[in-house]
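Quick notes on the structure that follows.
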Amino acid sequence: MNKNNHFLAVGRIGQLFLLLSILMVLTIFAPSVQAENTYGTDAYYYMKYLNDTYPDREQGSEGNRQAGLWIQSQLQSMGYQVEQLVFEQDGITFRNYIAQKPGTSAQTVYIGSHYDNVPGASRGAEDNGTGVGVNLELARRFSQIPTQVTLNFCFFDGEESPTSLAGSCNYANLHVDTSTALLYINLDSVGAGDTLYAYGGDYVDGTLVRDWGYNMAQAIASRLNIPLSSMPEGVTPYPSPTRTEASDQYYFNQQGIPYVYFEANAWLQTDRTMGNPEKPYFYNSVNPAFASTGGQIIHTAFDDLSILEKILPGIMETHMAQTSQIVSQMLTQLTPDSPAAYDAPWQTSDISGSDTSDPDAAALPQTESANADSTSRPAPSAAEILTSLAASQASAENNTASTSTASSANAESDTDSSTMPTDASDSNRESSASAWAAGAAAVLLAVGAAILYRNIRHRK
Ligand SMILES: [Zn+2]
């Protein structure tokens, strides 16, 4: 065996190693492509990244600027040319980020979520890491899917006070062409609240007229068997269908653009005060763990992913996946003719488990104090919440039966998150298996490459 033949033989071994690694990489990608198609998986990852990396996204802050740039980089990695719209207001610099996916028609659907959050203890996992997460997932999904309508994925700054809705106000008033604007879809706090809601419409001469986008969302949710509730009438100061300055849909609606707004909330709770009569309306969950804030999660220390996953394991993943699936179906099916197709009023009585059929839900909120002391009780800090959660671990099993009005998932408040029966956790297991296989493939690749390299070097 001469030297040359010897190295040729080694070269074949190297080639075999390379072939083996390529085969392994191919088998890894088969399940991971499947995992990417699981609704909500990417959205949850994006939301967790914002919670962990940019917990302070207050308008005008460095964290806000960094979070915006991260969103821009994510959109660019999907192949979008991102438009950064910068403007000044009240001495604060705001940045909106817009990624456009052209359709076969110039008729445009705007999908919006704000990425700023409130200062203080909140990390904004729910408000609005969830909306941004779903929006980024949709942008990624539809970067590869042809659509009839043009899609504008909007990431707004400055939704929270004190310059309420600064980002979406600026965008809707100065950058939206109302002659081609078909629909605005708002994604704000779509995870941790007890129930997933859709709002949309307006009062015309005192009569509620639903926007066609709301009708379409309900029709799709119904076909998918996803419970999508509507807001009970009479729950002031946020009257159905939430036309108030509650979120970024406001200035689109002011421009006459139909909207549908997704939010997870708890409008159905019987005791609307949650023991905190000063905040009879601002509740997101009936879970007793939130009693100190009257059920409010957003804008409090409860809005922290590590805390929310302890109190409500799996809920955020479920609601984000449901929102992503409904909106994905909408964006796939939308055509310039959709307004006419969905103009007929959606019968809320057709919705299974509709809240409007609940006589209690239609009643005005109770304002009597259930516990006078609770009005002056300050909201706990994140550290206090985690300490009290740890202390309640032992007695949790006895208490779960008392949360009868909460969903079954809420009741299991201290279940280990690894037992979550969700698609997302399945795909997480898939990802860790993929990661292991990817490591093995990398070793094989390295060995193959080293042998080839030695072969080539020795030939010289
Ligand atoms: Zn919000």
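Determine whether residue 113 is closer than 22 Å to residue 47 by Cβ, modelled with pLDDT under 95 and of a type in the set (S, T, N, Q).
On the way: closer than 22 Å to residue 47 by Cβ: yes; modelled with pLDDT under 95: no; of a type in the set (S, T, N, Q): yes.
It is false that residue 113 is closer than 22 Å to residue 47 by Cβ, modelled with pLDDT under 95 and of a type in the set (S, T, N, Q).
Which of the strands (runs of 3 or more DSSP E) found entirely inside the range 66-147 contain at least 3 residues meeting this: within 15 Å of the ligand (Cβ to nearest atom), touching a residue at least 60 places away in the same chain (Cβ under 8 Å) and within 21 Å of residue 264 (Cβ to Cβ)?
Of the strands (runs of 3 or more DSSP E) lying wholly inside the range 66-147, those with at least 3 residues that are within 15 Å of the ligand (Cβ to nearest atom), touching a residue at least 60 places away in the same chain (Cβ under 8 Å) and within 21 Å of residue 264 (Cβ to Cβ) span 108-114.
Under the condition of being under 14 Å from residue 114 (Cα atoms) and assigned to a helix (DSSP H, G or I), the residues counted in the range 52-62 number 0. When each of 87, 142 is tested for being more than 19 Å from residue 168 (Cα to Cα), surrounded by fewer than 24 Cβ atoms within 10 Å (Cβ to Cβ) and among the hydrophobic types (A, V, I, L, M, F, W, C), the lone residue that passes is 142.
Does residue 132 fit the bill of being under 12 Å from the mean Cα position of the chain (by Cα) and under 29 Å from residue 255 (Cα atoms)? Spelling it out, residue 132 is indeed under 12 Å from the mean Cα position of the chain (by Cα) and under 29 Å from residue 255 (Cα atoms).
The values are calculated or read from the model by the stated rules, or taken from the named source; none is laboratory data. What you see is a predicted model, and the numbers here were worked out from it, not measured in a lab. Every residue, glycine as well, gets a Cβ built from its backbone with ideal geometry; the counts of neighbours run over all protein chains shown.
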